[in-house]
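Values quoted throughout were computed directly from the atomic coordinates according to the rules given, and no laboratory measurement underlies them. Since we're looking at a predicted model, the values are computed, not measured. In this analysis, Cβ positions are derived from the backbone assuming ideal geometry, glycine residues included, and neighbour counts consider all displayed protein chains.
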Amino acid sequence: MLPDPWTIFALVAVSLFSALTAILVFGQVLRSRALIDRAPNFLRDGKSTAKGDQSFPQARPGQPDGKCQQILDKSPMLIWRQDRDKVIVWANRTYQDLAARVHPGVDGATRGHAAIFAEAGGQQSGRRRALKLTDQANPLWLEQTSHAQQDGETLHFAVFADPVVKAEEALRNFIQTLTKTFAHLPIGLAIFDRDRQLALFNPALADLTTLDPAWLTARPTLRDFLDCLREYRHIPEPKDYRSWRDRIAALEKAAQDGTYEENWPLPTGQTYRVTGRPHPEGAVAFLFEDITTTISLQRHFRAELELGQSVLDNMADGIAVFAANADLVLSNNQFARIWSIDPREMLARLSMKEAVTQWGKACEPNTVWRELLDFATRARPVIETEARIRLKTGESYQIQVQPLPQGAVLCRFAPPGALVGLVPA
């Protein structure tokens with residue numbers, strides 16, 4: 001059974017959410033940590049390059065030499081140092097250029113070392129700061145990291161965080177959209193993280209399972225979640241507890257492989273379709289859909305078909321119905337007895353052309369077979385036709401051909417004189 005559009009939408013939306021979250025976190029970590037880890041010694045410990053360290057040439061204490069200054073000026077991040085009195089004693093070119101934009105009215109000789117933040121001497125790390133600039137409408141976002149030095153000075157790093165802020169804003173908007181959509185989604189959604197704790201669910205899950213939303217918010221594990229479903233009779237009843245635990249393990253593994261899809265007939269009479277799919281970072285998502293109405297309609301339709309077939313099988317006439325594509329779609333027991341073939345036991349469908357050919361071989365010559373072959377190949381339109389045929393076994397029958405709606409064709413085989421009139425179209 002193909003998944004319905006709601007199921008497809010839920011799977012795509014959850015996949016997009018997981019991918020965006022992973023990209024955002026990974027990018028922010030790289031931007032915040034990569035350049036800091038490669039900072040030279042005089043920036044990390046407040047001293048000049050140690051003897052024997054060939055990374056940078058020797059310089060006067062506390063200051064980079066000319067070559068180091070050139071390298072640091074090319075850095076895309078802001079780097080500056082403050083003394084005990086919070087006065088900026090050194091800054092790279094990136095910082096000085098931004099300070100000039102923050103303080104355009106300050107004398108050019110001093111504004112390069114002017115503080116760009118209101119609390120320039122803070123010791124906290126990982127702070128996100130917003131700068132209001134006169135030459136642009138939107139604030140400029142930076143991620144600042146500060147390190148206290150042994151000599152009482154403070155070393156600061158700041159990376160431009162505009163892309164991260166925009167990505168977070170896009171993610172928030174996306175989550176809000178998903179939240180509104182999931183709130184009206186008739187399919188229950190449950191996402192479990194790599195530790196198999198419930199990380200996300202929607203209101204439909206609580207409605208379908210009758211589980212307390214407060215309990216779901218407490219992030220139960222997958223096993224606790226399934227145990228609770230079993231307690232509320234919202235899962236097929238296992239034969240014993242051991243088989244139940246084996247079932248949970250198989251369900252989890254199949255969801256990780258993306259192969260879990262099963263209909264759960266519940267003791268309450270309901271039927272759930274449960275689908276499991278893997279997600280990034282080892283998470284798994286489950287979709288719960290109440291298909292009770294669909295299953296009931298299918299059972300009702302199947303019962304009507306079986307009833308109709310039973311009626312046909314109890315008729316004295318042989319019945320064969322061919323669809324518009326000339327394939328046999330309906331027959332009864334009497335038809336199978338007359339022609340010694342049962343299409344219901346054949347692997348491939350019997351076409352009208354094949355059937356007419358077999359009928360002609362089993363009977364004495366008759367012009368009606370040529371006419372029926374023209375009907376089968378649509379060489380001419382099907383019209384009401386009636387003829388008497390005689391099998392090589394000596395049995396005689398009256399054949400009656402009648403066009404049906406939507407291009408179907410009805411063939412009846414009855415003892416001579418048994419047919420009274422034709423079936424109305």
### Message
Taking the Cα centre as origin and putting +1 on Lys and Arg beta-carbons and -1 on Asp and Glu beta-carbons, what dipole magnitude results for segment 193-314, to the nearest 20 debye?
### Response
260 debye
### Message
How far apart, in nanometres, would the label points at Ser396 and Met346 be if each is projected 7 angstrom from Cα along the Cα-to-Cβ direction?
### Response
2.9 nm
#### Entry: Extension gain (nm, one decimal) between Asp327 and Gln358, 0.36 nm per residue minus Cα-Cα
9.7 nm
### Message
To make sure I understand, if each residue's beta carbon is the centre and we count other beta carbons within 10 Å, what order do Leu372, Leu133 fall in, fewest to most?
### Response
Leu133, Leu372
### Query
What spacing in nm lies between the two simple spin-label points modelled at Trp264 and Ala170, each 7 Å away from Cα in the Cβ direction?
3.7 nm
### Summary
Final fewest-first order of Phe288, Phe335, Phe160 on the 10 Å Cβ neighbour count is Phe160, Phe288, Phe335
### Task
With a 10 Å radius around each residue's Cβ, average the other Cβ atoms per peptide and rank 228-236, 163-171, 379-387, highest first.
228-236, 163-171, 379-387
### For segment 316-414, size of Cβ-based charge dipole, Lys and Arg +1, Asp and Glu -1, in debye
140 debye
### Task
May I ask for the net charge around Asn92, where only other residues with Cβ less than 12 Å from the Cβ of Asn92 are counted and Lys, Arg are +1 while Asp, Glu are -1?
+1
### Query
Which ³J(HN,Hα) values, rounded to whole Hz and listed in residue order, are derived for segment 178-195 from phi using the Karplus coefficients 6.51, -1.76 and 1.60 in 6.51 cos²θ - 1.76 cosθ + 1.60 with θ = phi - 60°, glycine and proline given as x?
5, 4, 5, 5, 4, 5, 9, 6, x, 9, x, 10, 9, 10, 10, 6, 5, 8
### Query
Using the Cβ atoms and a cut-off under 15 Å, what net charge is assigned to the surroundings of Leu328, where Lys and Arg are +1 and Asp and Glu are -1?
0
### Message
Let me check against my output: what whole-number percent is the relative contact order of segment 316-414, with C-alpha pairs under 8 Å and at least 6 apart?
### Response
29 percent
